[in-house]
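J.: Below is the structure I would like to discuss, written out as structure tokens.
Read the figures in this text as sums done on the coordinates, not as results from a lab. All of these numbers come straight from a predicted model, not from anything done at the bench. So basically every Cβ, Gly included, is an ideal-geometry build from the backbone, and we count neighbours across all protein chains shown.
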Amino acid sequence: MSVLTEKRIVLGVTGSIASYKAADLASKLTQLGAEVDVVLTAAAAQFITPLTFQSVTGRRAYVDADLWGNEGHVLHVRLGKEANLILVAPATANTLAKLAQGRADNLLTLAALTGTAPWVLAPAMDGDMYASPATQANLAQLAERGAHILGPQSGHLASGMTGVGRMVEPAEITAQVRYLLTRGGALAGRRVLVTAGGTQEAIDPVRAITNRSSGKQGYALAQAALDAGAEVTLVSGPTALAAPTGTNLRLVRSAEEMLAEVLEQAKDADALLMAAAVADFRPKASAAQKIKRAGGTPQIELVANPDILAAVTKTRSRKLKAIIGFAAESQDLLQNAQKKLKAKQVDMIVANDISASDAGFEVDTNQVVLVSKQGVQELPSMGKDEVARVVVERLGKFFY
Ligand code: C5P
């Protein structure tokens, strides 16, 4: 099962040079498991052929001629009614105007008017066309009626000019569609708090003590929880990663900052997934100025950081149904995980052996053992996103 399996998307492609990017978009959505029915307008078919889309979606792509073919009188109704989402990317000023007015003079606008699926529109046009009062009024009206308008972005335009009018990139449109189509999942309405990444403990204004955590497992957990329909707050230490679309991201640096943010967010959370690699120690004092080599080798005194999980369990609200801790171990994995489950009073420990080359910090795979009162579940080595999906599935069981 992929995240968009059984989701039907009508992808309307209209006449813009950005239509070549729609092929990439159709491919990305298909790779997430969606069934993508592409409908090209006559102008789009001047830029790109139905065959291109059929090749990436594995499904028929439609043009206006199909409206008058064998399936003619019902094709638009079937396409519109069966769709979970009507996505128009790129959306030209002309098609936006038609959609705003409810005109139905081609297969795409006919299909859009049938059914009740939400509309996602990604405008692409020349900057002046976008700025024109007519286009702005059409977009405002469409947004007021509940359409999701993505972009346009500013940058290089086909005219050679720079301005606002570029279609939002396919990856970003895909992420938005992924978010919108997963709101009804098993964790819908649940607030899931995820922590990720390592913390940085300042030595002076430029130096810090940190660890090799990439944040990948925590960010994958945030995505998996979003995919299950949850509202996700991600408290993250510094990482190179982009937060999944739809995340409420709270960036922190030190363990103390993370503690304050987690305690605040936990008041309202239904679950906590504590995947962050929190530094156990910090310099007792951070120097106000950069420490100079001329001053000789500094002695850095360390003090213990607060245990964030312990602080949360101490003030745990009744709403917080599941607290899941993570344990990176280099020996006696199972015994240590079981000890931690009790000592930290959490509902589950996700333990991994960081001495293995395909598990733990920096790599994309992980091999974990899930330890809870219910027992021990050993998972094979798998991608971090796959691990995240299994953990989130287990999380769902805490709500029954
Ligand atoms: O004891 P250990 O650090 O191995 O436990 C790991 C678990 O505890 C992780 O879930 C980690 O996020 C959490 N932790 C914490 N506060 C700390 C250190 C670790 O909440 N100061």
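J.: So what is the calculated 222 nm ellipticity per residue for the chain, using -39500 (n - 2.57) for each DSSP H run with n of 4 or more, over all residues, to the nearest 500 deg cm²/dmol?
T.: -10000 deg cm²/dmol
J.: Highest GNM mean-square fluctuation, the chain, Cα pairs closer than 10 Å: which of ALA91, ALA65, ALA111?
T.: The residue with the greatest mean-square fluctuation here is ALA65.
J.: Another one. Rounded to the nearest 10 degrees, what's the angle between the helix 170-181 long axis and the longest principal axis of the chain, both from Cα atoms, 0 to 90?
T.: Roughly 80 degrees between the two axes.
J.: Give the calculated FRET efficiency between VAL390 and LYS292 to the nearest 0.05, with a Förster radius of 45 Å applied to their Cβ-Cβ distance.
T.: Given R0 = 45 Å and the Cβ-Cβ separation, E is 0.35.
J.: Next up: Taking the Cα atoms only, what angle lies between the long axis of helix 384-397 and the longest principal axis of the chain, rounded to 10 degrees?
T.: 80
J.: What order do you get for SER16, SER154, SER254 when you list them from fewest to most C-beta neighbours inside 10 Å?
T.: Going from sparsest to densest Cβ surroundings: SER154, SER254, SER16.
J.: Whole-Hz ³J(HN,Hα) for each residue in region 87-99, computed from phi via Karplus 6.51 cos²θ - 1.76 cosθ + 1.60 with θ = phi - 60°, x for glycine and proline: what do you get?
T.: Whole-Hz 3J(HN,Hα) from phi for region 87-99: 10, 10, 8, x, 10, 7, 4, 5, 5, 4, 4, 5, 5.
J.: In nm, give the distance between the simple-model label positions of GLN377 and ARG318, each being 7 Å from the Cα along the Cα-to-Cβ direction.
T.: 2.8
J.: Exposure proxy check: TYR130, TYR219, TYR400 ranked by fewest other beta carbons within 10 Å?
T.: Lowest to highest Cβ neighbour count: TYR400, TYR130, TYR219.
J.: Could you tell me the center-to-center distance, by alpha carbons, between region 338-400 and region 293-319 in angstrom?
T.: Cα centres, region 338-400 to region 293-319: 24 Å.
J.: Right, next: With the chain treated as a Gaussian network of Cα nodes joined by springs under 10 Å, which of ALA26, ALA186, ALA171 yields the largest mean-square fluctuation?
T.: ALA171
J.: Tell me the angle of helix 133-144 to the major Cα principal axis of the chain, expressed in degrees between 0 and 90 and rounded to the nearest ten.
T.: The two axes meet at around 60 degrees.
J.: I would also like to ask the following. Straight-line reach from LYS340: which aspartates and glutamates fall under 14 Å, measuring Cα to Cα and dropping same-chain residues less than 8 apart?
T.: Straight-distance partners of LYS340: ASP307, GLU329, ASP332.
J.: A further question on this structure: Hey, which lysines would be in cross-link range of LYS21, C-alpha to C-alpha under 27 Å, not counting anything within fewer than 8 residues on its own chain?
T.: Partners within reach: LYS7, LYS81, LYS98.
J.: Whole Å is fine, so just give me how far the alpha carbon centre of region 9-59 lies from that of region 181-258.
T.: So the separation of the two Cα centres works out to 33 Å.
J.: Amide H neighbours of GLY185 under 5 Å, at least 5 residues apart or on other chains, H built in the peptide plane: list them.
T.: The list, which skips near neighbours in sequence, is GLY229.
J.: Could you compute the FRET efficiency for ALA311 and ALA171, with r as their C-beta to C-beta distance and R0 at 51 Å, rounded to 0.05?
T.: The value I calculate is 0.85.
J.: Could you give the spread of the C-alpha atoms of the chain along their three principal axes, from largest to smallest, in whole angstroms?
T.: Principal axes ranked by extent give 77, 55, 39 Å for the Cα atoms.
J.: Counting other C-beta atoms within 10 Å, which of ARG191, ARG282 has the fewest, and how do the rest follow? Could you put the intermediate results ahead of the total?
T.: Values: ARG191 20, ARG282 23.
Going from least to most buried by this count: ARG191, ARG282.
J.: Between ASP268 and GLN54, what is the spin-label point distance in nm, taking each point 7 Å from the Cα along the Cα→C-beta axis?
T.: 5.1
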